[in-house]
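Peer 1: Input: one structure, supplied below.
The values are calculated or read from the model by the stated rules, or taken from the named source; none is laboratory data. Just so it is clear, the structure is predicted and the values come from calculations on it, not from any experiment. Reconstructed Cβ throughout: ideal geometry from the backbone, glycine too, with neighbour counts over all protein chains shown.
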Amino acid sequence: MSLLEVNDLRVSFRTYGGEVQAVRGVSFQVNEGETLAIVGESGCGKSVTSQAIMGMIPTPKGKVKSGQILFKDKDITKISKKKLQQIRGAEIGMIFQDPMTSLNPTMKVGSQIKESILKHQKLTKHEAIEKAIELLKLVGIPDGEKRYSQYPHEFSGGMRQRVVIAIALACDPKLIIADEPTTALDVTIQAQILDLLKDIQQKRDSSIILITHDLGVVAEAADRVAVMYAGVIVESGTVEEIFESPKHPYTWGLLKSVPKLDSLEKERLIPIDGTPPDLFAPPEGCPFASRCPYAMEVCVSHMPEIQTFTSDHYARCWLNDQRAEAVKEFIAVGR
Ligand code: SF4
Ligand code: MG
């Protein structure tokens, strides 16, 4: 069953230069107990999508223009701020990239977890403290009782990220959104944190949306993948489908740059040439056309439609569209 369903989501930001269309008609679902990875370069709209789910699009500049976000069948774009706040934190937990900025440096870590528990659950102070210590143990921090009274600077980077995860879990969320949760960490610690997330998911049967630019992380931790580019999902499928039979040239490009988690090969990433299009005035056709080695004329003028390959796997690319040849000829003839 799907816990979260996003339908045709559009999010824009007003800036001095005009309106940036950051998310342009994104649809996906997250089933109970699964991890969906949303992957893409920075600025592709993946973080904005997660902010929309959390109701954290900064107003008045940012705006959910249209679309639905159904959490347990309720459209959370339509409910009051107060209701949304109740859901956020109580049913949806968020893990951010940099543990240093998401923790309060002047407050003991135990107190930060305890406050988060008390905000959403009717427990006594004493019960909340016990639960906080339990959570520290759950996220793999030994000596929970002693660590409870320490400050963030007394923890290593990996241990701090474990504390952030404990805070996100404080209210037994059904959905955890993890935005680049391991980006600030070194490779060995990354793998440990991903293992921890997997472990928690199994123990609690929660669902995870994992936002990342790193396909190595996806391979490690996800069940399904949505590849985003310029505010659009260009390909989606199970991890096996995306790694074994990718259908979109952008995914091919990303796969060439997959670092091996265990061999520290990060610096040898092969970047995809060029930059994403300007989202003030997104192109009419395929957003990847300006960087795609396979671009045809039709790609520039017409947005490719979704082509489905299996019940999970689809892509938006003219290469998979049988009409492409015909359209190409049509355009050639029409000139
Ligand atoms: Fe490349 Fe055309 Fe496919 Fe876009 S639609 S990815 S430009 S081949
Ligand atoms: Mg981001």
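Peer 1: Which pairs turn up if I take residues in the range 103-114 that are under 10 Å from GLN150 (Cα atoms) and look for partners that are in a helix (DSSP H, G or I) and of a type in the set (Gly, Ala, Ser) with beta carbon separation below 6 Å, at least 6 apart in sequence or on another chain?
Peer 2: Pairs that qualify, where the first residue is under 10 Å from GLN150 (Cα atoms) and the partner is in a helix (DSSP H, G or I) and of a type in the set (Gly, Ala, Ser), are GLY110/ALA132.
Peer 1: Let me ask something else. For the range 31-48, check the following and say yes or no: at least one residue is away from ligand 2 (no atom under 14 Å from the Cβ) and among the aliphatic types (A, V, I, L, M).
Peer 2: For the range 31-48, residues away from ligand 2 (no atom under 14 Å from the Cβ) and among the aliphatic types (A, V, I, L, M): present.
Peer 1: Scan the range 193-206 and tell me whether some residue there is at pLDDT 95 or above and either outside the structural domain of LYS256 (by TED's automatic domain parsing) or closer than 18 Å to ALA90 by Cβ (or both).
Peer 2: no
Peer 1: Still on this structure, please answer the following. Please verify whether PRO173 is modelled with pLDDT of 90 or more and in contact with a Ser or Thr (Cβ under 7 Å, 6 or more places away or on another chain), treating the condition exactly as stated.
Peer 2: It is true that PRO173 is modelled with pLDDT of 90 or more and in contact with a Ser or Thr (Cβ under 7 Å, 6 or more places away or on another chain).
Peer 1: Among the residues of the range 177-206, which ones are of a type in the set (S, T, N, Q) and within 16 Å of ALA166 (Cα to Cα)?
Peer 2: THR182, GLN192, GLN201, GLN202, SER206
Peer 1: Let me ask something else about it. Scan the range 191-202 for residues that are touching a residue at least 24 places away in the same chain (Cβ under 8 Å) and more than 15 Å from LEU36 (Cβ to Cβ) and jot them down.
Peer 2: Within the range 191-202, ALA191, GLN192, ILE193, LEU196, ILE200 meet the criteria.
Peer 1: Something else about it: Quick check: is even one residue across the range 245-252 within 16 Å of ligand 1 (Cβ to nearest atom) and closer than 18 Å to SER47 by Cα?
Peer 2: no
Peer 1: In this structure, does VAL187 turn out to be out of contact with any Ser or Thr (no Cβ under 7 Å at 6 or more places or on another chain) and among the β-branched types (Val, Ile, Thr)?
Peer 2: So VAL187 passes the test.
Peer 1: Restricting the search to the range 294-321, which residues are touching a residue at least 24 places away in the same chain (Cβ under 8 Å), in a loop (DSSP other than H, G, I, E, B) and either under 20 Å from GLU241 (Cα atoms) or within 8 Å of ligand 1 (Cβ to nearest atom) (or both)?
Peer 2: Once the filter is applied, which keeps residues that are touching a residue at least 24 places away in the same chain (Cβ under 8 Å), in a loop (DSSP other than H, G, I, E, B) and either under 20 Å from GLU241 (Cα atoms) or within 8 Å of ligand 1 (Cβ to nearest atom) (or both), the range 294-321 yields TYR294, MET296, PHE309, THR310, ASP312, HIS313, CYS317.
Peer 1: Which numbered condition trips up SER12, out of (1) out of contact with any Asp or Glu (no Cβ under 6 Å at 6 or more places or on another chain); (2) outside any loop (DSSP other than H, G, I, E, B)?
Peer 2: If we test SER12 against (1) out of contact with any Asp or Glu (no Cβ under 6 Å at 6 or more places or on another chain); (2) outside any loop (DSSP other than H, G, I, E, B), just (1) comes out false.
Peer 1: Given the options THR101, THR35, name the one that is surrounded by fewer than 17 Cβ atoms within 10 Å (Cβ to Cβ), of a type outside the set (Phe, Trp, Tyr) and within 26 Å of MET159 (Cα to Cα).
Peer 2: After applying the criteria, what remains is THR101.
Peer 1: Give ILE209, ILE242 a once-over and let me know the one that is assigned by TED's automatic domain parsing to the domain that holds GLU41 and within 16 Å of ligand 2 (Cβ to nearest atom).
Peer 2: ILE209
Peer 1: Of the residues GLY40, GLY33, only one is in contact (Cβ under 8 Å) with a residue 40 or more places away in the chain, under 19 Å from the mean Cα position of the chain (by Cα) and within 16 Å of ligand 1 (Cβ to nearest atom); which?
Peer 2: Answer to the selection: GLY40.
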